[in-house]
Amino acid sequence: MVRRESTEGADGPAAPLPLAALDQLVGIGEVDTVIVAFTDMQGRLVGKRVSARLFVDEVAAHGAECCAYLLAVDVEMNTVAGYAMSSWDTGYGDMVMTPDLSTLRLVPWLPGTALVIADLAWGDGTAVAAAPRAILRRQLDRLAGRGWVADVATELEFLVFDQPYRQAWADGYRGLTPASDYNIDYAVLASSRMEPLLHDIRQGMVGAGLHFEAVKGECNRGQQEIGFRYGEALITCDNHAIYKNGAKEIADQHGKSVTFMAKYDEREGNSCHIHLSLRDRDGSAVFPDAARPHGMSETFGCFVAGLLATLRELTLFHAPNINSYKRFADGSFAPTAVAWGLDNRTCALRVVANSGHPIGSAEWEAAHVRDVLTFYAASPERLCGKQIPVAGGLDVTFNEPLGVVGVITPWNFPMMIASWGIAPALAAGNAVLVKPAEWTPLTTIRLGELAAQAGLDPDLLQVLPGAGGVVGQRLVTRPEVRKIVFTGSTVVGKAVMAAAAADVKRVTLELGGKSANIVFADCDLERAAATAPAGVFDNAGQDCCARSRILVQRSVYDRFMGLLEPAVRGVVVGDPRSRDTEMGPLVSAEHRAKVASYVPDGAPVAFRGTAPSGPGFWFPPTVLTPARTDRSVREEIFGPVVTVLPFDDEPDAVALANDTPYGLSGSIWTDDLSRALRVSRAVESGNLSVNSHSSVRYSTPFGGFKHSGLGRELGPDAPLQFTDTKNVFIAIREEP
């Protein structure tokens, strides 16, 4: 493919810098550094700064090495398990950055610096097929085979903030001040306050050889839009990466920050309008044809039809990119498309996990799902039935699959709880229909995609997003569905059970909880107090196993409260993307209002932690000391609110722990083994831990007593819950 070089004069963008000219600039000391870079899967420039003399003498001809994993990481630099390019097995360096000298240019905003875009090759010289530039080249070569050249123009929006990047980072990218308060599209005044920065960006880009047409104020505060001239597709995509990187560098020099992110938290979204056209080799436009309907040539009609036909593949859940489920992380900004066509690798379509889990918790959840799938992948051979000695013959049992199983999951741990139903049901030979919660369907949808990619027959696992009253109700009432696994509120669980009764349908119900954390005087009180916040505030208390009642022996009550207060105040509540965060926000404004109703004015608040004051469904960790009859003691709050009550002796502790309609989980803190066993047997809960707050292990059964549920999930016997036991007697003929 031949690139079209710029022919602009001195007043327009500079032509690519010849290598000989760079050699002269290096010789007189005007250039000492060359950035050798390529575009990663996020649209960011990554690469190396090398000595300008070394570049001229060696790198320009032979390239520079880099690591292949750079094309196999998400926005947080996490590698993708199982993807060959994410490994370090081949050692350093895996790829060679081969400079495309037609992209060599000076970078005016970085003194003494030039930049060149590189293609990527393996050690044997073959192109790295996964490189965004290589992907785009393949599409352009397909067009060239038809005699066409692709031209692209773009309008790229961005937000400008008054805070520098260092401060924006420290503030978690929240509460930033737009650099202009005007929100009128095309308003000249909207740009005037930012003109020193915008001027330097414009002039810098002209000096770097970029063809831009105009910059204008957009309709949102602090928002600007730059329009790039039509140019060959590869040149335009190169320019995008150079522009975005350069605009941020220039903004940093001005003490400001900019973002191109598609949907920035707290602010309006940024868009990138991409204009595509085709021309013949002689320069004639391919798309228009005045003689045809709507002025569209036949080729243009096919082009539009092709876009519509592949729309499914271009939407959020089908973008073939390792980041299609993400939007951005600290220090990263959503890019525009780098590649176009059937191998589209754009990261522009993303979402942020909407459950508010801190990243550490989310990573644990994903690892837990992996372990669940691995555990039950090895379980079918354990469904071996029994041979029972009987007179007159042989008696054997078989574990027959039920057929179709419906799994209805909640929003608090969407992917993890989905795996609890999916894995053992599949292992037992069933087909599974999963209905995720309306608020958090994305991870379950992705789980279904991964299963199909792994080779599972799509008919065996289907994900059905939708409203519970529609999709969930249909699953429960369809006679073909022979079992329902439901996790959610006790109220809805009872309705599921009643509806399933019409078809004598089996149910497993994991419902509400009001678990007790019982602290005896003989325990390690410091450890009990230090771990208590994690036992209730994990996932902002949105956990059916949360130890939301702390029962403390009266003789150590005051001392325990003194130890608990600093532990609660020390809980870090904040941006769930930060690894320092221990507790994120609640899931919705509606849910926050429900939690707040348990802490009205005048409530017996002993002490509270802190929470951000900005936008978000924040609620601080809260400790109450109510009467035993208060609703906060008996009802499931499902938020970061814990009650602390004193008890007198062991019988009083057991009675208080059992004084609730729920019985899911709980903890017992004591150094007396006999007491631990007595209390464990006496407390009416399905999952108890001694000197621990652990509730869930994939290898042990999980479920509740009383109104907390029916049946058990997880553990080695879980697949049996998805089978019918068939008994077969075979008579043995007696010898004559």
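Miscellaneous remarks
- Relative contact order of segment 516-707, defined on C-alpha pairs under 8 angstrom at six or more residues apart (%): 25
- Counted over the chain, the DSSP beta bridges are approximately 60% antiparallel.
- Label of the coordinate-derived value, semi-axes √(5λ) of the Cα gyration tensor in Å, listed as (1) 44, 34, 25; (2) 57, 34, 24; (3) 62, 30, 25: (2)
- To the nearest ten degrees, helix 490-501 and the longest principal axis of the Cα atoms of the chain are 80 degrees apart.
- Mean separation of Cα contacts under 8 Å (6+ apart) over length of the chain, as relative contact order %: 10
- Order of Glu218, Glu30 under a 10 Å beta carbon neighbour criterion, fewest first: Glu30, Glu218
- Tilt relative to the chain, helix 195-207 - C-alpha long axis, 0 to 90 degrees, to 10: 60
- Footprinting exposure proxy for Thr443, Thr531, Thr374 (fewest neighbouring C-beta atoms within 10 Å first): Thr374, Thr531, Thr443
- Partner lysines whose Cα lies under 29 Å from the Cα of Lys48, excluding those fewer than 8 positions away in the same chain, are identified as Lys244, Lys248, Lys256, Lys326.
- In the chain, the DSSP-assigned H stretches of four residues or longer account for a calculated mean residue ellipticity at 222 nm of -8500 deg cm²/dmol, using -39500 (n - 2.57) per stretch and the full residue count as denominator.
- The angle between the Cα long axis of helix 442-453 and the longest principal axis of the Cα atoms of the chain comes to about 80 degrees, rounded to the nearest 10.
- Exceeding the 26 Å Cα-Cα cut-off - candidates Lys706/Lys726; Lys386/Lys706; Lys435/Lys505; Lys386/Lys435; Lys435/Lys494; Lys494/Lys726: Lys706/Lys726; Lys386/Lys706; Lys386/Lys435; Lys494/Lys726
- Cut-off of 10 Å, at most 13 other beta carbons, DSSP loop: longest stretch of the chain lacking such chymotrypsin sites (Phe, Trp or Tyr not before Pro): 187-736
Where a number appears in this text, it was derived from the coordinates with a stated rule and is not lab data. Not measured: the values here are computed from a predicted model. Here Cβ is always computed from backbone atoms with ideal geometry, including for glycine, and neighbour counts include all displayed protein chains.
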